[in-house]
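Structure record follows, encoded as structure tokens.
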Amino acid sequence: MSYDLYVAICHPLRYRVIMNPCLCVLLIMISLLISIFHGLLHSLMVLRLSFCIDLEIPHFFCELAQVVKLACSDTLVENILIYVSSCILVGVPLSGIVFSYIHIVSSVLRMPSSGGKHKAFSTCGSHLSVVSLFYGTGFGVHISFAVTDSPRKSAVASVMYTLVPQMLNPFIYSLRNRDMKEALRKFTGRTTSLL
């Protein structure tokens, strides 16, 4: 999405040529293949672990970090693999997003009209807030696993990471709609008058 915004704002006249259907399908296929490879890598990694007794994971879904903690065998290789793959799968997209937004901001600041600047920044604001929410909650989950041993706190952090960004995504993108903004203003006006 950040590449799409980058092309739309920095190269608006060449947008249809650059973002052709073949490139869109290629980007989707690359994303799908990376996701499949990542899932397969961790599944095969967990298969080689040994577990002592019947154990219960204190989560509502089977999270990799919790499974590795329950293993009786040496998990050094698994932990290194988790950290390396996480750094690559988070670092590469995040650097692409940062690179895109650096170019977007520099292009927008060179625009002569303030209306064009406002439109470009409002278009990017929704995407940037969703990305910040996703990466922020993901970072919070991984920090909470390192800091706390409480299964309940880890489960709450996992819920925040898996549910909150997806639930807020449509709401954030709909804030660009005037009707939605007006309804939000009315709602906040009612709640403040009730208090």
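The values are calculated or read from the model by the stated rules, or taken from the named source; none is laboratory data. Note that the coordinates shown come from a computational prediction; the quantities given were computed from them, not determined experimentally. Using ideal geometry, Cβ is built from the backbone for each residue, glycine included, and neighbour counts are taken over all protein chains shown. Calculation scope for accessible area: heavy atoms of the full protein, side chains included, ligands and nucleic acids excluded. Shrake-Rupley method; radii C 1.70, N 1.55, O 1.52, S 1.80 Å.
Roughly how many debye, to the nearest 20, is the charge dipole of the chain about its Cα centre, given +1 on each Lys and Arg Cβ, -1 on each Asp and Glu Cβ, and no other charges?
Here the size comes out at about 1200 debye.
Find the accessible area per residue for the chain; the probe is 1.4 Å, ligands and nucleic acids are left out, and the unit is Å². Present the calculation step by step, with values, prior to reporting the outcome.
On the way: 13530 Å² over 195 residues.
Per residue, the chain has an accessible area of 69 Å².
Would you mind classifying the chain by shape? Square roots of the alpha carbon gyration tensor eigenvalues, ordered a ≥ b ≥ c; an a/c under 1.5 is rounded, otherwise it is prolate if a/b is larger than b/c and oblate if not.
Oblate is the answer for the chain, as a/c is 1.5 or above yet b/c matches or exceeds a/b.
Show me the chymotrypsin sites (Phe, Trp or Tyr not before Pro) within region 16-86 that DSSP assigns to loop and that have at most 10 other Cβ atoms within 10 Å of their Cβ.
Sites meeting the loop and neighbour criteria: Phe60, Phe61.
Quick one: helix 164-174 against the long Cα principal axis of the chain, what's the angle to the nearest 10°, folded into 0 to 90?
On a 0 to 90 degree scale, this one is about 10.
If you filter region 48-98 for GluC sites (Glu not before Pro), then keep DSSP loop positions with at most 14 other Cβ within 10 Å, what is left?
Loop-located and lightly packed - Glu56.
Pull the list of the chain cysteines that no other Cys approaches to under 4.7 Å, Cβ to Cβ.
Cys10, Cys22, Cys24, Cys62, Cys87, Cys124
What's the angle, to the nearest 10 degrees (0 to 90), between helix 76-109's Cα axis and the longest principal axis of the chain?
0
Could you tell me which residue out of Cys10, Leu128, Ile53 lies farthest along the dipole of region 1-148 toward its positive end? Charges go on the beta carbon: Lys and Arg +1, Asp and Glu -1, centred on the Cα centre.
It is Cys10, whose Cα lies furthest towards the positive end.
Just tell me which aspartates and glutamates come within less than 17 Å, Cα to Cα, of Lys153; anything on the same chain fewer than 8 places away is out.
Hits, sequence-local ones excluded: Glu56, Glu63.
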